[in-house]
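Student: Mind having a look at this structure? Questions to follow.
The values are calculated or read from the model by the stated rules, or taken from the named source; none is laboratory data. As the structure is a prediction and not an experimental result, all values here were calculated from the model. Note that we place each Cβ from the backbone using ideal geometry, even for glycine, and neighbour counts take in every protein chain shown. To get the accessible areas, we keep the full protein, side chains included, count just its heavy atoms, and leave off ligands, DNA and RNA. Shrake-Rupley method; radii C 1.70, N 1.55, O 1.52, S 1.80 Å.
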Amino acid sequence: MTTISTRLRARRSGAALEIREAVHPARLLLVAKTTLAVGLAWTIAPHMPGITDEYPYYAPLGALVSMYPTLMGSLRSGLQTLLGLATGIGLALLVVITVGPTWWTIPAVVGVGMLISGTGWFGAAREYVPVAALFVLIIGGQNADDYSLGYLVQMAVGVAIGLIVNVVIAPAPLTLAAAARVDAFREQLSAHLHDIGSAVSESWPPEHEKWADDAASLADTTSALRAALADADDSRRGNVRARGRRGETQHIHADLTRLDRVAHLIRDISDEIADTIWDRPGALELDPALPEPLSAACHAVAEVIGQEEPLTAADHRARAEAARAIRLLLETVDVRTIDVRRSMGPGVLAAMHLRRILILSGHREPDEPAGSDAESSGA
């Protein structure tokens, strides 16, 4: 029953997050710009010269496919779409001037288009290769030449209008959003290590398992954050609103790299303790003297990870307390190893990882060599 209720809460939380993303100001701006671009394309399309004005409905489609949250994304999507269309149209025209559209040439050219679209040259617009070929052969028919020209030109008009709208109404760089997500990940890691500290100090074996289940999600979070940072970098290219701050995401990349390493260490601690608690394969016995100092060390290091303000008195106090807690854990491990004459497996691994986490979590000035103040903290 508890598992079902947990899953329901997770689903509700996920749905609420998706709704918030849908009405996010940046998303609403994209919606407004897309609406404007489609409207302009539909207004301009009938006034195009020659026979192209007979196919005005493709201009709004071109505007729609070119609208992305970032300028470079719009440019990339627009160019890939036009390249895919031109390739598909070329395949169809080759059929028209040779054997003509028949019961076997139409599926054959679609198959060839599918093969070509798998090369990776067309990005998200790869479907347009077989679609364009199919449209030219089926819809264009006897007027394949005129249809092809109108199709390609009007799509190009729509793409151009979409790019112009995206340049004139430049989207805000996604740097702040990416930084906020990295900060949230730091808090998640801190909370997870707190959960581990609580788990090893409660009744044995611990009753709740959420901290162990959450460990597997840390890698997925890191991957999502890397994608968000890539989008943030992309949002700055060619964006007049990001001019003069080209290196603004460098410190976020550095933070995420450190947090990724911290996440790996926390997952190792979580997996080893979970193995020990539930007697899984590879489990090593946890000496009764270790839970208390291990719990204290986990809580102390978690406090360091969660520090938002670097180089403050509170930060230094938290680091000093964490170094002391790790030292006490190591002393307990050493004493018990001598007393019982066997390895304190989980305690040794946890102490080593917690010490490394403390070093990685050290705040430093931008120009300071990596690890210098962390090593000097005595962790």
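Student: How big is the accessible area of Glu308 in square angstrom, nearest 10, if you roll a 1.4 angstrom probe over the protein chains?
Tutor: Solvent-accessible area, nearest 10 Å²: 130 Å².
Student: Heavy atoms only, 1.4 Å probe, whole protein assembly: order Phe122, Phe135 by accessible area, highest first. Mind showing how you got there, number by number?
Tutor: Details: Phe122 5, Phe135 70 Å².
Order by accessible area, largest first: Phe135, Phe122.
Student: Using a 1.4 Å probe and counting only protein heavy atoms, arrange Arg186, Arg327 so the residue with the most accessible area comes first. Could you put the intermediate results ahead of the total?
Tutor: Numbers: Arg186 35, Arg327 115 Å².
Correct descending sequence by accessible area is Arg327, Arg186.
Student: Counting only other residues whose beta carbon sits under 15 Å from that of Ala160, what net charge do I get with K and R as +1, D and E as -1? Could the numbers behind the result be given before it?
Tutor: Details: positive: Lys33, Arg76; negative: none.
Counting the neighbours of Ala160, the net charge comes to +2.
Student: While we're on this one: If packing is taken as the average number of other Cβ atoms within 10 Å across a peptide's residues, how do 53-59, 190-196 rank, most packed first?
Tutor: On the way: 53-59: 19.4, 190-196: 21.6.
Highest to lowest by the protection proxy: 190-196, 53-59.
Student: Need the C-alpha centroid separation for the stretch 134-188 versus the stretch 82-114, integer Å.
Tutor: Value for the Cα centre distance between the two parts: 24 Å.
Student: Please give the peptides 96-107, 153-164, 70-81 ranked by average Cβ packing (other Cβ atoms within 10 Å per residue), highest first, as a rough proxy for protection. Kindly include the intermediate steps, with their values, before the conclusion.
Tutor: Values: 96-107: 12.4, 153-164: 23.8, 70-81: 20.7.
In decreasing order of mean packing, 96-107, 153-164, 70-81 become 153-164, 70-81, 96-107.
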